[in-house]
Amino acid sequence: MTTRVLQGCAPQDWQDHFFGLSEDRWKTLSGQSFWVTGAATGFGYAMAYVLLAAGANVYISGRRESKLEEAKKEFSLAGLNVGNCQIVVMDVCSAESINAACEYIKAHCHALNGLIHSAALSGGMGSQTPLHDAEEVSWQAVMNTNVTGPWLLTQAIFSHLAKSNSPRVLFLSSEAGWAATPGVGVYNISKAALNSLGHSMAQEYAFKYPEIDIQMNTLIPGEAKSEMNRDGVDSPFTIVSMVLLLLSHSSGGPNGRFFHRDGRHFRFAHTHVYPHTLN
């Protein structure tokens, strides 16, 4: 199954294409509130940019306040309304930092509509056999960033997301979660674990909150040029069309499913391919 998505859109021309959304659907994002981790660079930056362009309130997180300030300045130079952008410094590897950030969000946002987990660590060691060579501290850093942090953050903020009655949560995974490529074994395992976290949490929260429209899904962004992948060629904005389709989907949409930025629907373990196109 594949959903047709518009890719290769110039972000500065968003008013001409709305990244493939209809103008009416684009406008539904205005006034909604979204929290993006890893928002200073790469995919997180691109998603924050586009949500601000759509008129959403966007909370941007990362460990480095200076990089977040730099991103916010670039948003302003692009003509976006940075009055709708708030910086929430957070270390996704620290439960204390996560809880403090959640308290800030709860105090400044009456209901959160969406959470996007974009923060990630590659764990590259310069070794073709990191599962043999890595020390525990390297393993733990990758797992804390890519798996434990998203779990703790979703757990800590979900009651606030539930207030919107239609929470949207996106986990950014990787095709590495289906792979066993030598040299990136720790990263492969972390993304496979994130896949399992995404579809397991989706089912648990749907069970716990049957009265609300939960859509918690996993998106494979593919490769793009970023701090983590300096050799990448594609723009991080290639992810945006699929992100917007998922965040703006009407009630009764996918939950616990897997998608690629190019529109392909994936399966993982016992979770089958989502059988409908995203509309």
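Derivation of every value follows stated rules applied to the coordinates shown; laboratory data play no part. Remember, predicted model here, so these are calculated numbers, not experimental data. For neighbour counting, all protein chains shown are included, and Cβ atoms are generated from backbone atoms with ideal geometry for every residue, glycine included.
Go through 249-256, 146-153 and give me the packing order, highest mean Cβ count within 10 Å leading.
146-153, 249-256
Do any of K73/K106; K106/K191; K106/K208 go past 23 Å between their Cα atoms, and which?
The answer is K73/K106; K106/K191.
So what J values fall out for the stretch 51-66 if you push phi through Karplus, 6.51 cos²θ - 1.76 cosθ + 1.60 with θ = phi - 60°, rounded to Hz, Gly and Pro as x?
5, 5, 4, 7, x, 7, 8, 10, 9, 10, 10, x, 7, 9, 4, 4
Divide the volume of the convex hull of the Cα atoms of the stretch 32-266 by its number of residues and quote the answer in cubic angstrom per residue.
Convex hull volume per residue, Cα atoms: 118 Å³.
For a protection proxy built on the mean count of beta-carbon atoms within 10 angstrom, sort 55-63, 196-204, 13-21 highest first, please.
Descending packing order for the listed peptides: 55-63, 196-204, 13-21.
In terms of modelled amide H atoms, which long-range or inter-chain residues lie less than 5 Å from the amide H of V89?
none
Could you state the number of Å between the C-alpha centres of the stretch 111-185 and the stretch 3-76?
Cα centroid of the stretch 3-76 versus Cα centroid of the stretch 111-185: 21 Å apart.
Report the Stokes-Einstein translational diffusion coefficient (µm² s⁻¹, integer) for the stretch 17-89, Rh taken as the Kirkwood radius over Cα pairs, at 20 °C with viscosity 1.002 mPa s.
Diffusion coefficient, whole number: 178 µm²/s.
Got a sec? How would T238, T129 order by Cβ neighbour count within 10 Å, fewest to most?
Sorted ascending by nearby Cβ count, the order is T129, T238.
What number, in nm² with one decimal, is the all-direction average of the projected area of the convex hull of the alpha-carbon atoms of the stretch 92-198?
Quarter of the Cα hull surface area: 6.9 nm².
Sum up the charges of everything whose Cβ sits under 11 Å from the Cβ of A71, counting Lys and Arg as +1 and Asp and Glu as -1, but leave A71 out.
It works out to a net charge of 0.
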